[in-house]
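The values are calculated or read from the model by the stated rules, or taken from the named source; none is laboratory data. All of these numbers come straight from a predicted model, not from anything done at the bench. Here the Cβ is made from the backbone with ideal geometry for all residues, glycine too, and neighbour counts use every protein chain on show. Only protein heavy atoms, including side chains, enter the accessible area calculation; ligands, DNA and RNA are left aside. Shrake-Rupley method; radii C 1.70, N 1.55, O 1.52, S 1.80 Å.
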Amino acid sequence: MDVLITQILNGLDKGSAYALIALGLTLIFGTLGVVNFAHGALFMIGAFCSVFLQRLLNLSFETIDATKTDFLGNPLKVKTPYVESWFGPEMGGAIIDWSVPLAILFAIPVMIAIGFIMERGLIKHFYKRPHADQILVTFGLAIVLQEIIKAFYGANPIQTPAPEALSGVATLAEGIVYPVWRIVYFCFSVAVIGGVFAFLQFTTFGMVVRAGMADRETVGLLGIDIDKRFTFMFGLAAAVAGLAGVMYGPINAPNYHMGMDFLVLSFVVVVVGGMGSLPGAVLAGFLLGILESFASMTQVIELIPGINQIIIYLVAIIILLVRPRGLMGRKGVME
Amino acid sequence: MFGLDKKDTSLLWVVIALTMLAPFILNPFPTGSGMAQFNAGYPDLMQRFVIFGIFAIGFNILFGLTGYLSFGHAAFLGVGSYSAVWMFKLLSMNILPAIILSVAISGIFALVIGFVSLRRTGIYFSILTLAFAQMSFALAYSVLTPITNGETGLQVTLDDPRVLGVSATADGSIPVTNLFGLEMRAAYDLVVGPWTFTFSVGYYVCAIVMLLAFYLAIRIFRSPFGLMLRAIKSNQQRLNYTGLNPKPYTLAAFVISGMYAGLAGGLMAAMDPLAGAERMQWTASGEVVLMTILGGVGTLIGPVLGAGMIKYFENIFSKINDNVLHSWFSFLPDGIEDFIVLVIHPFVGKGWHLTLGLIFMLVVTFLPGGLVEGGQRIARALRKKKEDEPKSPSTEPAE
């Protein structure tokens, strides 16, 4: 039983990342009808937002402490981050410690801006082109974004540690220990997903967007500028992917190709959930995450060797063949 | 000639001339001169040009004609490499049986994957092929280690049986790949003044195979079968209504392009007898997509051009480092020189991927027909200019 719960928990944090990325992908696909291969890159940029903020907060000046000497006998140089000198060592230290959660605030406007620029500058011109062209141009964009990040931050992964208070492990019940940050990540993703759904369900803006997803032409005929709202949705989807990336940093140190690694799986998730279905994307994300973690149990691997590597793809193939629309796909979308 | 019309024959002759004279064409700069690093005429790179050319020609038969975008073609290339290396291990170092086996095995592999994947179209097809390729990649790394040798990659060793050949040569080293005694590694250097041209057996074997593959591709493009594939691309629904089942045709196209990929993989192993799982990763599949689009999808020569361009970038463009840049711009004042080098720096050397991505985006956006379309546009523009000035005093003969 304990093993079972641990495996479900293990699956949930990976599943959260899948669900968040797949949710953004589906938002873009459902509203704009664009297959965005650069979505993984947005996830990666989000993760690097927190790297950037961490570097920024750690900017420091050097002072010479005459009372101490280093091993060569010279006066010791002490580095003090600007933040600490402005807010005092305690407050400043706390700010640096909490740089990852703070990066959320920083990442939201940055990601929305990037989403706007992407949509207005590039994607806009591809609405009328075939899906293959959209895939190709966003694939090219993903390479460009990835290389830009690589040019700035190098090819090695960069650690972004979680705040002191949220690192370490928690004992959930007798015999079940689990890293705190992963629980935080899960709760965070549930909150974001809930937020997006609430936004679409309970606001007038969201209602119009949903109407536009169902029948774009009619909404346009009613005199609503649906394009503007869809542009905003693109920004929102970019922000969701970015937030998923920011918070994923402490679980896996960000590197420039993390987006590509997640992209393939996220597309599989979207297809399994059903193109254009938001609940399907979330459901499939968690489901595949949990399945993957069960498949990596030693007992299962002993039974079917290698299953942990291929389970997601295997499930995707079976679902695509048995249930072509995916788990919750709507009729008439991408058939 | 060979059952081709006049235009295709001349195209074939151009390609034959280019591939046969490649050691000269790709070596325009004298050895030892400052520009020598841009020479691409060394055997290893030339082999890669033609091998990836074959890969892209095959991919184009599927994507260019039927419009099915496969994101898992590298799997067939990997399978081809593995089968070829196994042939070197078990049978002999002759490349002929190895290549035949790699084409056959990847054909069977493509038949199975294609049979399942082709039940869906559009993005679903792309995802299915991607899923199959990633599965093969993951399995090659983990469970299939006895066959694929996992992360190390499959290599020929001294204690392989090689029933028709020898396990080790007289001096105790691993025998090299050959074609009935003609060693792939053998090369002849021709020195003309300051230039050195290398003629390698391996390159010419690859080039001849590529020419055969190219000829076959032309025949497929011009055949009724090719016409049927184009019909599938332009309107599959209408084809269904006329009472034709497109499935056998798409499956045939998929298997043919899988066999081309297998041929490329086999040749790759024949030039350098090792095979690794990273050849099957989806980024490798993405690369062949880039090549085909960049060159011109659906055209005959496009994929070969695209493959050549990307491989040139990968090997030559990536060598330009800051020192080279400084030497180029050294005639400028120091400040400006440093600034220009600083601006160019992210785009060359290790950053060549960035340039590639940018070029690719520009091509997809503005030139959906790739380099070939670009060439055609330029040609058309030039011709128009000539027509506009019919009384120009030019003495050049009209085209």
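Roll a 1.4 angstrom probe over the protein heavy atoms and tell me the percent of accessible area of segment B:194-319 that is carbon or sulfur.
Working: 2970 of 4550 Å².
Ligands and nucleic acids excluded, carbon and sulfur give 65 percent.
Give the angle, between 0 and 90 degrees and rounded to the nearest 10, that separates the Cα long axis of helix A:180-202 from the longest principal axis of the Cα atoms of chain A.
Tilt of helix A:180-202: around 40 degrees.
Beyond 11 Å, how much of the Cα-Cα pair distribution for segment B:337-378 remains, as a whole percent? Write down the numbers at each step before the final one.
Numbers: 585 of 861 pairs.
When all Cα pairs of segment B:337-378 are counted, 68 percent exceed 11 Å.
So what's segment A:155-307 giving for Cα Rg divided by 2.2 N^0.38 Å, two decimals?
1.29
Taking the convex hull of the Cα atoms, report for segment B:28-179 its projected area averaged over all directions, in nm². Before the final figure, lay out the partial values.
Numbers: hull surface 51.1 nm².
Result: a mean projected hull area of 12.8 nm².
Can you work out the accessible area per residue across segment B:25-171, with the rest of the protein chains kept in place, probe 1.4 Å, in square angstrom?
35
Out of the total accessible area of segment A:96-234 (probe 1.4 Å, heavy atoms of protein only), what percent is carbon and sulfur?
68
Hey, with R₀ at 41 Å, roughly what FRET efficiency would B:Tyr188 and B:Phe225 work out to, going by the Cβ-Cβ distance, to 0.05?
So the FRET efficiency works out to roughly 0.50.
Given a 1.4 Å probe, how much area per residue of chain A is accessible, in Å²?
Computed with neighbouring chains in place, this is 45 Å² per residue.
Counting partner chain Cβ atoms within 10 Å of every residue's Cβ in B:117-130, what's the average? Mind dumping the intermediate values first?
Working: counts 3, 0, 3, 5, 2, 7, 11, 10, 1, 6, 11, 7, 0, 6.
Shielding by partners across B:117-130 averages 5.
Be a star and scan segment B:314-354 for residues whose amide nitrogen sits under 14 Å from the point 7 Å along the Cα-to-Cβ vector of B:Leu362.
Label zone hits: B:347-348, B:354.
Specify the angular offset, from 0 to 90 degrees and rounded to the nearest 10, of the alpha carbon long axis of helix A:39-57 from the longest principal axis of the alpha carbons in chain A.
Between the helix axis and the principal axis of chain A, the angle is about 20 degrees.
Just to be sure I understand the interface: list residues from segment A:256-289 that lose 10 Å² or more of accessible area between the chain on its own and the complete protein assembly, 1.4 Å probe.
A:Met260, A:Val264, A:Phe267, A:Val268, A:Val271, A:Met275
Please give the helix A:131-153 orientation as an angle from the longest Cα principal axis of chain A, in degrees from 0 to 90, rounded to the nearest 10.
Tilt relative to chain A: about 0 degrees.
Do you know the relative contact order of chain B, to the nearest whole percent, from alpha carbon pairs under 8 angstrom that are 6+ apart?
That works out to 27 percent.
Quick one: longest stretch of chain A between exposed loop trypsin sites (Lys or Arg not before Pro), exposed meaning at most 10 other C-beta atoms within 10 Å and loop per DSSP? Don't skip to the answer; put the middle values down first.
On the way: sites that count: A:Lys128, A:Lys331.
Formally, the longest exposed-site-free interval is A:129-330.
With a 1.4 Å probe on protein heavy atoms only, tell me which residues of segment B:348-389 lose at least 40 Å² of accessible surface in the complex relative to the chain by itself.
With the partner chains in place, segment B:348-389 has these residues losing at least 40 Å²: B:His353, B:Leu354, B:Phe360, B:Met361, B:Val364, B:Thr365.
For chain A, what's the radius of gyration and Dmax over Cα atoms, in angstrom?
Calculated on Cα positions, Rg and Dmax stand at 22.3, 79 Å.
Which value in deg cm²/dmol, rounded to the nearest 500, describes the helix-derived mean residue ellipticity at 222 nm for chain A, given -39,500 (n - 2.57) per DSSP H run of n ≥ 4 and division by the residue count?
-23500 deg cm²/dmol
Sort out the exposed loop chymotrypsin sites (Phe, Trp or Tyr not before Pro) in chain B (DSSP loop, at most 12 other Cβ within 10 Å) and tell me the longest stretch that has none.
The segment B:3-179 is the longest one with no such site.
Please compute the per residue accessible area over segment B:206-302 with all protein chains in place, 1.4 Å probe, rounded to a whole number of Å².
Result: 37 Å² of accessible area for each residue.
What do you get for chymotrypsin sites (Phe, Trp or Tyr not before Pro) in segment A:108-208 restricted to DSSP loop and a cutoff of at most 15 other Cβ within 10 Å of the site's Cβ?
Details: sites: A:Phe116, A:Phe126, A:Tyr127, A:Phe139, A:Phe152, A:Tyr153, A:Trp181, A:Tyr185, A:Phe186, A:Phe188, A:Phe197, A:Phe199, A:Phe202, A:Phe205; in loops: A:Tyr127.
Here the chymotrypsin sites (Phe, Trp or Tyr not before Pro) that fit, given the DSSP loop and packing criteria, are A:Tyr127.
Which residues of segment A:297-321 end up with at least 20 Å² less accessible area in the presence of all protein chains than when their chain stands alone, using a 1.4 Å probe?
Going by heavy-atom accessible area, the residues of segment A:297-321 that drop by at least 20 Å² are A:Pro305, A:Gly306, A:Gln309, A:Ile310, A:Tyr313, A:Ile317, A:Leu320, A:Leu321.
Given labels modelled 7 Å from the Cα in the Cβ direction, how far is it in nm from A:His125 to B:Ile25?
Result for the modelled spin labels: 3.1 nm.
What accessible area, summed over both chains, is buried at the A-B interface (1.4 Å probe, Å², nearest 100)?
Working: alone 16560 and 20110 Å², together 33320 Å².
Its buried surface, counting both partners, is about 3300 Å².
Using all alpha carbons of chain B, what is the percent of pairwise distances in each 20 Å bin, ordered from the shortest bin to the longest?
In whole percents, the pair-distance histogram is 24, 54, 20, 1.
Provide Rg and Dmax in Å for segment B:166-311, with only Cα atoms included in the calculation.
Rg and Dmax of segment B:166-311, Cα atoms, are 20.1, 68 Å.
Is it possible to state the helix-based mean residue ellipticity at 222 nm for chain B, with each DSSP H run of 4+ residues giving -39500 (n - 2.57), the sum divided by total residues, to the nearest 500 deg cm²/dmol? What is it?
Result for chain B: -20500 deg cm²/dmol, rounded to the nearest 500.
Which GluC sites (Glu not before Pro) does segment A:118-177 hold that lie in a coil by DSSP with at most 10 other beta carbons within 10 Å? Mind showing how you got there, number by number?
On the way: sites: A:Glu119, A:Glu147, A:Glu164, A:Glu174; in loops: A:Glu174.
The qualifying sites are A:Glu174.
For the protein assembly as shown, take N as its residue count and report Rg(C-alpha) divided by 2.2 N^0.38 Å.
Taking the Cα Rg and dividing by 2.2 N^0.38 Å, one obtains 1.06.
Could you give the C-alpha radius of gyration of segment B:245-399 expressed as a fraction of 2.2 N^0.38 Å, taking N as the number of residues it contains?
Values: Rg = 21.4 Å, N = 155, 2.2 N^0.38 = 15.0 Å.
Rg over 2.2 N^0.38 Å, computed on Cα atoms: 1.43.
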